[in-house]
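The values are calculated or read from the model by the stated rules, or taken from the named source; none is laboratory data. All values reported here derive from a predicted model rather than from experimental measurement. For neighbour counting, all protein chains shown are included, and Cβ atoms are generated from backbone atoms with ideal geometry for every residue, glycine included. Accessible surface is based on the protein model in full, side chains and every heavy atom, while ligands, DNA and RNA are left aside. Shrake-Rupley method; radii C 1.70, N 1.55, O 1.52, S 1.80 Å.
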Amino acid sequence: MSTFTLDTATSRATPSPVPGKRMTVPGLKGRKVDGRTEQPIVMLTAYTMRMAQLLDPHCDLLLVGDSLGQVIYGLPSTVPVTLDMMCAHGAAVVRGSWHALVAVDMPFGSYEGSPEQAFASASRVMKETGCAAVKLEGGEAMAPTVRFLSERGIPVIGHVGLTPQAVNALGGYGARGRNQAEAAKIKSDASAVAQAGAFCIVVEGVLEDVATGIAGAVEPPVIGIGASAECDGQVLVTEDMLGLFERTPRFVKRYDDLATRIGSAVETYAGEVRNRSFPTPDQTYRPKA
């Protein structure tokens, strides 16, 4: 667990005291030396200020994922997510964190049209949220956009393999790279995004050997999700790993069962309300003696 010391010095760059120094893009990229990251990168999703506060001491990178469409808004996929949603939640996560680098997903339809469209959307996200980077899906087809953004001061995280925004084209959320041609395409996508300037690449839902091959072949750190332990780091949807949903993808390890624990707590509360044992004198206001 990280420990912070309070720096009381302020400047125009840091107008208020912050407990510790936030992870930077060069710092994160520099974790990979000679093709391997000795200390794997810890990454989780966050959509709210409070969750960011709880995750921040333990994470190197917090992703404001477009998965918030499903987790927060109950949408059937990430496709309907808007820039307004990403900006609002991104700003909340930045406000709730001090240590981790915060990256925000570019939602479907906000960057695919042209590099210029992508720059307009990404610059808005960074201005309104204060995040350090954006993430966008796609491989070779998006490489010119990744380069365009990177050359203009917008750090980019790539995302290849299973790309949820393309669920309609892919026909579902099944693992990718199951045949030679598909595996070769994913590797080419990762290489193209890396060469275009992505400082980090998420590889999702691919066969283990495909992910391992990519991690060893590209310069930027590779963050796996449903990939391989040999990746340079791992990311999961926080609500999945905490057990807030009864059904999760195969690649998720549930580190808790918060759905059951929350249900039990609410059941106890409901019973105490109904039998009038809550509130007790400890929770009520009375005249002072």
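A few remarks follow.
- Residues in segment 24-47 that are part of a helix (DSSP H, G or I), over 23 Å from G213 (Cα atoms) and hydrophobic (A, V, I, L, M, F, W, C): V25 only.
- Complete set of residues in segment 230-243 that are more than 23 Å from D257 (Cα to Cα) and either without any contact (Cβ under 8 Å) to a residue 40 or more places away in the chain or surrounded by fewer than 23 Cβ atoms within 10 Å (Cβ to Cβ) (or both): E230
- Which numbered condition F251 fails, given (1) among the hydrophobic types (A, V, I, L, M, F, W, C); (2) in contact with a Leu (Cβ under 7 Å, 6 or more places away or on another chain); (3) open to solvent by 60 Å² or more (accessible area, probe 1.4 Å): (2)
- Selection status of R274, open to solvent by 30 Å² or more (accessible area, probe 1.4 Å), over 15 Å from the mean Cα position of the chain (by Cα) and modelled with pLDDT under 95: no
- Test: Y47 is modelled with pLDDT of 95 or more, open to solvent by less than 40 Å² (accessible area, probe 1.4 Å), among the aromatic types (F, W, Y) and under 19 Å from the mean Cα position of the chain (by Cα): yes
- Of the residues making up segment 106-146, those that are open to solvent by less than 20 Å² (accessible area, probe 1.4 Å), of a type in the set (S, T, Y) and without any contact (Cβ under 8 Å) to a residue 60 or more places away in the chain are S110, Y111, S121, T145.
- Residues in segment 211-236 that are in contact with a helix residue (DSSP H, G or I) (Cβ under 7 Å, 6 or more places away or on another chain) and in a strand (DSSP E or B): V222, G224.
- Qualifying residue in segment 177-189 (condition: closer than 22 Å to L61 by Cα, open to solvent by less than 60 Å² (accessible area, probe 1.4 Å) and of a type outside the set (G, A, S)): no
- Residue list for segment 120-144, restricted to those being acidic (D, E) and under 15 Å from the mean Cα position of the chain (by Cα): E137
- Subset of segment 193-210 (residues that are assigned to a helix (DSSP H, G or I) and open to solvent by 20 Å² or more (accessible area, probe 1.4 Å)): A194, Q195, E208, D209
- Output for segment 67-85, where each listed residue is open to solvent by less than 10 Å² (accessible area, probe 1.4 Å) and under 21 Å from K127 (Cα atoms): L68, V81
- Sole exception among (1) surrounded by 16 or more Cβ atoms within 10 Å (Cβ to Cβ); (2) without any contact (Cβ under 8 Å) to a residue 24 or more places away in the chain; (3) farther than 27 Å from Y255 by Cβ for G213, by number: (2)
- G263 being among the small types (G, A, S) and open to solvent by 10 Å² or more (accessible area, probe 1.4 Å): yes
- Subset of segment 163-173 [assigned to a loop (DSSP other than H, G, I, E, B) and open to solvent by 40 Å² or more (accessible area, probe 1.4 Å)]: G171, Y173
- The set of residues in segment 147-165 being of a type in the set (A, V, I, L, M, F, W, C) and over 18 Å from the mean Cα position of the chain (by Cα) consists of F148, L149.
- Test result for A88, at pLDDT 95 or above and open to solvent by less than 30 Å² (accessible area, probe 1.4 Å): no
- Qualifying residue in segment 278-285 (condition: of a type in the set (F, W, Y) and either closer than 22 Å to A166 by Cβ or modelled with pLDDT under 95 (or both)): yes
- Scanning segment 241-289 for residues that are in a helix (DSSP H, G or I) and touching a strand residue (DSSP E or B) at 6+ places or on another chain (Cβ under 9 Å) yields one hit, M241.
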